[in-house]
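**Q** Sending over a structure as structure tokens; questions will come in a sec.
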4 protein chains.
Amino acid sequence: MSAELEVYQRQSFGRTLGLGRLAGLLVVDFVNGFNDPALFGGGNIGPAIERTVDLLASCRRMNLPIAFTRIVFEADGSDHNLFVAKVPALGQLTEPAVCSQIVPQLRPRPGELVVRKRLPSAFFGTDLAAWFTARGVDTLLIVGCTTSGCVRASVLDALCHGFRPIVITDCVGDRAIAPHDANLFDLGQKYADLLSRDAVMNALRAPQRHLSASN
Amino acid sequence: MSAELEVYQRQSFGRTLGLGRLAGLLVVDFVNGFNDPALFGGGNIGPAIERTVDLLASCRRMNLPIAFTRIVFEADGSDHNLFVAKVPALGQLTEPAVCSQIVPQLRPRPGELVVRKRLPSAFFGTDLAAWFTARGVDTLLIVGCTTSGCVRASVLDALCHGFRPIVITDCVGDRAIAPHDANLFDLGQKYADLLSRDAVMNALRAPQRHLSASN
Amino acid sequence: MSAELEVYQRQSFGRTLGLGRLAGLLVVDFVNGFNDPALFGGGNIGPAIERTVDLLASCRRMNLPIAFTRIVFEADGSDHNLFVAKVPALGQLTEPAVCSQIVPQLRPRPGELVVRKRLPSAFFGTDLAAWFTARGVDTLLIVGCTTSGCVRASVLDALCHGFRPIVITDCVGDRAIAPHDANLFDLGQKYADLLSRDAVMNALRAPQRHLSASN
Amino acid sequence: MSAELEVYQRQSFGRTLGLGRLAGLLVVDFVNGFNDPALFGGGNIGPAIERTVDLLASCRRMNLPIAFTRIVFEADGSDHNLFVAKVPALGQLTEPAVCSQIVPQLRPRPGELVVRKRLPSAFFGTDLAAWFTARGVDTLLIVGCTTSGCVRASVLDALCHGFRPIVITDCVGDRAIAPHDANLFDLGQKYADLLSRDAVMNALRAPQRHLSASN
């Protein structure tokens with residue numbers, strides 16, 4: 001994409017947002033059904049989940065506000081929407097279904113928020129933005145799946161709500177790699193800083209918490 | 001993307017939403033600055049604008065509710081947000097600036113809504129969803145630029161707000177073709193029906209208004 | 001309030017919105033805990049619940065889209081917000097608690113939406129507006145409790161989202177009568193039509209569905 | 001309202017939220033048309049404006065983020081909504097109209113945000129919440145008019161968005177005193193702390209910034 005990149009750079013895209021005063025962690029849709037290639041998974045989602053384990057532990061040690069999302073629909077279809085009309089298998093993600101539970105290695109702890117949602121963005125039709133605002137968060141570390149779906153939607157809405165989004169590139173995954181790559185390009189150029197997990201963990205540890213994005 | 005497509009089809013993505021009872025037209029950011037390769041334009045945006053002229057005339061003949069968007073920032077920077085921080089040149093799009101005016105060939109008429117926005121989506125931080133809801137619209141024909149930016153964000157939010165989004169594939173454009181194509185793939189699989197302008201115009205004319213999406 | 005009324009009339013407040021094409025029914029917070037004076041109830045809430053039974057049956061016969069709300073918080077406090085900080089007893093309204101269940105005489109049926117919320121408005125932080133929009137609703141019949149709290153907040157947000165709100169004056173109730181009356185005054189002057197249950201039921205039955213508000 | 005108050009206290013209403021880390025100032029609709037009894041004014045709005053002059057100066061000295069709202073509609077009626085349908089005279093508040101300009105004694109300075117809105121709440125259909133969030137604000141001092149209309153709607157939405165609302169009781173006003181008083185009661189019981197201007201100014205000056213609400 002070197003030709004594209006030249007256009008974007010000439011038009012001033014892709015600047016760095018940096019880290020603000022307080023970061024929160026947002027874990028998007030890392031549930032069993034998205035870890036299962038037979039259902040909604042595949043691609044690089046499994047490794048992204050594994051790499052998130054240490055990041056989550058690190059954020060817990062720092063007492064950062066942590067929120068998880070799950071897609072949950074009613075079994076009677078009363079809350080089905082246009083997203084389910086477009087992707088009917090999502091209707092399997094009911095409250096008790098195994099496929100809608102957060103993967104065991106990332107199980108939320110008491111006091112960590114679990115947001116139920118019926119749309120791609122973690123913010124649309126939820127009170128998540130208020131939850132982070134009330135806790136003084138101005139920066140969001142974002143991991144999860146899929147990069148081209150609920151992660152991208154959540155990253156964009158994070159920016160719109162006034163939170164600096166940092167996409168942790170090796171802790172997000174997608175069922176297919178071409179959309180994963182294409183969406184990381186868009187996100188890095190327009191809406192978010194892109195950083196590896198280790199770069200983020202080093203930056204959070206640093207006393208002055210200064211981040212330089214390395215796309 | 002045939003391997004990707006196979007995964008998406010197996011996981012039930014890409015179903016057709018179809019046309020509802022009443023369609024509205026949403027024209028996203030077809031302003032001079034996005035028609036100018038030296039500013040935010042390039043790629044296939046120019047042809048998309050030209051192909052929209054007839055579509056707009058057709059929607060006007062049918063008295064469909066029509067809304068346009070413009071990005072507008074204050075000259076004093078008081079309303080600058082993280083989107084401008086990421087893409088600083090957007091700050092040039094002030095109310096009187098030539099680059100922020102809708103292109104002459106698509107000039108809005110009295111009674112058509114012009115939404116000023118400071119973020120990618122036509123819906124975020126605006127009252128556009130309520131405007132369409134109050135007019136009984138349940139389907140949105142969406143044209144504009146850029147496919148990978150404000151169009152995609154607006155299409156997704158249209159779906160989230162309960163409007164069936166129809167992306168008119170030859171009336172949307174982007175400054176670079178690879179992101180244009182990658183985003184049309186995502187939109188067609190997850191959030192919207194994709195139709196050519198002529199297919200939409202034929203469907204709107206048909207007495208029973210039945211659409212079959214041909215991705 | 002005759003002096004106040006004169007000011008409002010002179011300044012053009014209090015016009016009638018009327019009934020649109022399709023009405024939905026919104027039942028706000030008629031749960032056991034708001035029917036119990038020892039918890040959040042009292043005043044005229046009990047009679048408002050009883051008068052809603054026939055209205056609900058009538059709306060079901062007409063196949064109107066019907067949505068209910070419940071306030072639901074997590075037992076671990078992870079989702080507690082400023083509303084709970086202001087009114088701590090709300091934290092008792094957990095998913096399994098008897099006090100958070102919809103009263104038995106208004107029990108939702110399969111296919112009717114039950115919205116869980118953590119804030120006064122039925123719309124804030126929920127996808128309720130999209131649910132009604134996708135069903136073609138442009139008018140909302142609103143009942144529930146409390147008039148000065150969650151009903152008022154929901155009526156105002158209904159208006160903001162583009163739905164004509166009709167407050168059914170004898171199917172809304174409050175724990176204290178002075179705030180009930182003061183809020184009906186505000187709602188009728190600024191945001192909604194006020195009609196009795198019988199007037200609404202007659203209007204819905206009429207072939208031409210024309211409503212004249214009688215404040 | 002002593003009987004009402006007893007009910008509210010027994011049910012745990014009316015707790016104090018207190019001041020957070022950083023306060024912003026929100027000035028709601030203090031425009032010429034709401035200072036003019038012949039248009040939308042009257043009651044105690046004039047004195048509320050005068051008492052806000054010193055508060056604004058004080059907030060500027062402390063470099064608090066400051067935002068103002070104006071109601072602005074298009075002259076061609078393209079953006080008229082259900083609020084204008086309910087209160088038709090609001091349509092006079094067009095961009096150039098004298099009645100829609102902020103009163104001269106509170107004129108915004110460069111860098112202070114002026115939000116144009118078409119609905120009661122300063123937050124609905126605007127990007128105001130993101131503006132405060134991006135600036136680290138978690139507490140909002142709220143002044144303006146009218147108490148029973150746009151102030152109440154803005155206070156409630158402030159709470160919903162995660163900002164602790166502090167209503168400055170002698171810097172808010174209404175066209176009629178009974179609704180002013182009734183709404184201050186509701187706000188203090190359910191959604192906000194109520195403080196006099198002098199109490200707020202003293203608290204902001206104090207090194208430890210500790211507020212005790214005196215309803």
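Where a number appears in this text, it was derived from the coordinates with a stated rule and is not lab data. Since we're looking at a predicted model, the values are computed, not measured. Note: ideal-geometry Cβ built from the backbone for every residue, glycine included; neighbour counts use all protein chains shown.
**Q** Compute the label-point distances linking residue D:202 to its equivalents in the other copies; points lie 7 Å from Cα along Cα→Cβ; give nm, one decimal, shortest first.
**A** Ordered by distance, the counterparts are at 5.3, 5.8, 7.7 nm.
**Q** Once the other residues with Cβ under 11 Å from the Cβ of residue C:101 are scored (Lys, Arg +1; Asp, Glu -1), what is the net sum?
**A** With Lys, Arg at +1 and Asp, Glu at -1, the neighbours total +1.
**Q** Search the structure for amide H atoms under 5 Å from the amide H of residue B:31, placed 1.01 Å from N in the peptide plane, and list their residues when 5 or more places away or on another chain.
**A** B:103
**Q** Also, quick follow-up: Can you list, bin by bin at 5 Å, the percent of alpha carbon pairs in the range A:67-136, starting at 0?
**A** P(r) over the range A:67-136, rounded to whole percents: 3, 16, 24, 24, 17, 11, 4, 1.
**Q** Divide, for the protein assembly as shown, the radius of gyration over alpha carbons by 2.2 N^0.38 Å, where N is the residue count.
**A** 0.89
**Q** Let me ask something else about it. In nm, give the distance between the simple-model label positions of residue A:36 and residue D:38, each being 7 Å from the Cα along the Cα-to-Cβ direction.
**A** 7.2
**Q** Which three semi-axes in whole Å describe the equivalent ellipsoid of the range C:109-215, each the square root of 5 times a Cα gyration tensor eigenvalue, listed largest first? If you can, show how the numbers build up before the last one.
**A** Details: eigenvalues 80, 76, 31 Å².
Taking √(5λ) for each Cα gyration eigenvalue gives 20, 20, 12 Å.
**Q** To continue, here is another question. With only Lys, Arg, Asp and Glu charged, each at its Cβ (+1 for the first two, -1 for the last two), find how big the charge dipole of the range A:20-205 is about the Cα centre; round to the nearest 20 debye. Mind showing how you got there, number by number?
**A** Values: 18 positive and 18 negative charges, 92 e Å.
I would put it at about 440 debye.
**Q** Mind ordering D:64-70, C:158-164 by average Cβ neighbours within 10 Å, highest first?
**A** Per-residue mean Cβ counts within 10 Å order the peptides as C:158-164, D:64-70.
**Q** May I pose another question? Which one of B:39, B:141, B:19 has the biggest mean-square fluctuation once chain B is modelled by GNM with Cα springs under 10 Å?
**A** The residue that fluctuates most here is B:39.
**Q** Between residue C:15 and the same site in the other copies, what are the distances in nm, shortest first, taking label points 7 Å from Cα along the C-beta direction?
**A** 4.2, 4.4, 4.4
**Q** How well do other chains shield peptide B:142-149, expressed as the mean number of their Cβ atoms within 10 Å of each residue Cβ? Intermediate values should be presented prior to the final figure.
**A** Values: counts 0, 0, 0, 0, 2, 0, 7, 6.
Counting Cβ atoms of other protein chains within 10 Å of each residue's Cβ and averaging gives 2.
**Q** By the gyration tensor of its Cα atoms, with a ≥ b ≥ c the square roots of the eigenvalues, what is the shape of the range C:42-108: rounded for a/c under 1.5, prolate for a/b over b/c, or oblate?
**A** prolate
**Q** Taking a point 7 Å out from Cα toward Cβ as the label site, list the nm distances between residue A:101 and the same residue in every other copy, smallest first.
**A** Result, one decimal in nm: 2.5, 6.2, 6.6.
**Q** Related question: For the rotation taking C to D, I'd like to know which residue in chain C has the C-beta closest to the axis, plus that distance in Å.
**A** Nearest Cβ to the rotation axis, residue and whole-Å distance: C:182, 2.
**Q** Take every DSSP beta bridge with both residues inside chain A and express the antiparallel ones as a percent of the total, to the nearest 5. Walk me through the numbers on the way to the answer.
**A** On the way: 1 of 26 bridges.
Taking every DSSP beta bridge within chain A, about 5 percent pair in antiparallel fashion.
**Q** Evaluate the distance, in nm, between pseudo-label points positioned 7 Å from the Cα of residue B:53 and of residue D:177 along their respective Cα→Cβ axes.
**A** 6.5
**Q** Now a separate question. For the range A:20-205, take the alpha-carbon Rg, divide it by the Kirkwood Rh, and send me Rg/Rh.
**A** 0.93
**Q** Still on this structure, I have one more. Based on the Cβ-Cβ distance of residue C:9 and residue C:95, what FRET efficiency does E = 1/(1 + (r/R0)^6) give at R0 = 60 Å, to the nearest 0.05?
**A** 0.80
**Q** Report the per residue volume, in Å³, of the convex hull enclosing the C-alpha atoms of the range D:5-55.
**A** Convex hull volume per residue, Cα atoms: 139 Å³.
**Q** Under the 0.36 nm per residue contour assumption, what length would be gained going from the current alpha-carbon distance of residue A:63 and residue A:22 to full extension?
**A** Values: separation 41, 0.36 × 41 = 14.76 nm, distance 1.06 nm.
Result: 13.7 nm gained on full extension.
**Q** I would also like to ask the following. Taking +1 at the Cβ of each Lys and Arg and -1 at the Cβ of each Asp and Glu, which of D:57, D:108, D:136 sits farthest along the dipole of the range D:1-154 towards its positive end, judged by Cα position relative to the Cα centre?
**A** Positive-most Cα among the choices belongs to D:136.
**Q** Separate question: At a threshold of 8 angstrom on Cα-Cα distance, excluding pairs fewer than six apart, so keeping six or more, what relative contact order does chain C reach in percent?
**A** 28
**Q** Right, something else. Per residue, how much space in cubic angstrom lies within the convex hull of the C-alpha atoms of the range A:1-99?
**A** 191
**Q** Convert each backbone phi in the range C:93-105 into a coupling constant with the Karplus relation 6.51 cos²θ - 1.76 cosθ + 1.60 (shift: θ = phi - 60°), then list the ³J(HN,Hα) values in order as whole Hz, x for Gly and Pro.
**A** Working through the residues one at a time gives 7, 8, 3, x, 4, 4, 5, 9, 7, 4, 4, x, 6 Hz.
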